[in-house]
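Take a look at the structure set out below.
The values are calculated or read from the model by the stated rules, or taken from the named source; none is laboratory data. Not measured: the values here are computed from a predicted model. Because the Cβ atoms are built from the backbone with ideal geometry, glycine has one as well, and the counts that use them run over all protein chains shown.
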Amino acid sequence: MLAFSLRNSEVCEFAEFGEDALEAVLAIENAVSPSPWSRQNFLDSIHSSHYCYAAYHAETILGFAIFSCAAGEAELLLIAVNPTHQRLGVAEGLLHCAQSLLGRKAQELFLEVRESNESAIGLYEKLEFNCIGRRPNYYPSRGKHPREDALIYAKHMTSKVDG
């Protein structure tokens, strides 16, 4: 089992999640996302070949991440952390653990992030992701704000790819 420590000394377990965790995952997603995934989006990911991981502390989900993986490439589809545990290292721990597992199947990890999400961009750059492009008007508008560009980030993973 993989685990990591947060900045407040709590220890999180890293594990896959399934339908039994859906209510907790949806609550986090709805609390933090301006354009949250639907219940059906999550069910589709759980029942597909996506990798659905969560950070657990005392059986409570603090954050989650969902990845796809094919043809030697992985993509972070979604990551979110409960607002009560943001900036404590949950997202960083999720990404480190996922990379150690996905690095056996993929050489590169890609993601998109809202251009205005400075805290996420800071984390990705800290973890040595490189900005490789932009998708104009990728994200839906938020209220009075216009559509927003996505920045595309990539990172080479160093683990050996399974043949």
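Scan the range 13-52 for residues that are charged (D, E, K, R), part of a helix (DSSP H, G or I) and over 13 Å from the mean Cα position of the chain (by Cα) and the total you get is 5.
Checking the stated criteria, A71 turns out not to satisfy the condition of being free of Cβ contacts under 8 Å to residues at least 60 places away in the same chain, over 18 Å from R7 (Cβ atoms), touching a Cys at 6+ places or on another chain (Cβ under 8 Å) and aliphatic (A, V, I, L, M).
Each row is one residue, and each column tells you yes or no for (1) aliphatic (A, V, I, L, M); (2) modelled with pLDDT of 95 or more; (3) more than 17 Å from the chain's Cα centre (by Cα).
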{"position": "C97", "(1), (2), (3)": "no, yes, no"}
{"position": "L101", "(1), (2), (3)": "yes, no, no"}
{"position": "L109", "(1), (2), (3)": "yes, yes, no"}
{"position": "E112", "(1), (2), (3)": "no, yes, no"}
{"position": "A120", "(1), (2), (3)": "yes, yes, no"}
{"position": "E125", "(1), (2), (3)": "no, yes, no"}
{"position": "Y139", "(1), (2), (3)": "no, no, no"}
{"position": "A150", "(1), (2), (3)": "yes, yes, no"}
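Among residues belonging to the range 24-47 that are free of Cβ contacts under 8 Å to residues at least 12 places away in the same chain and more than 12 Å from A80 (Cα to Cα), point out the one that is surrounded by the most Cβ atoms within 10 Å (Cβ to Cβ). If we take residues in the range 24-47 being free of Cβ contacts under 8 Å to residues at least 12 places away in the same chain and more than 12 Å from A80 (Cα to Cα), then N41 is surrounded by the most Cβ atoms within 10 Å (Cβ to Cβ).
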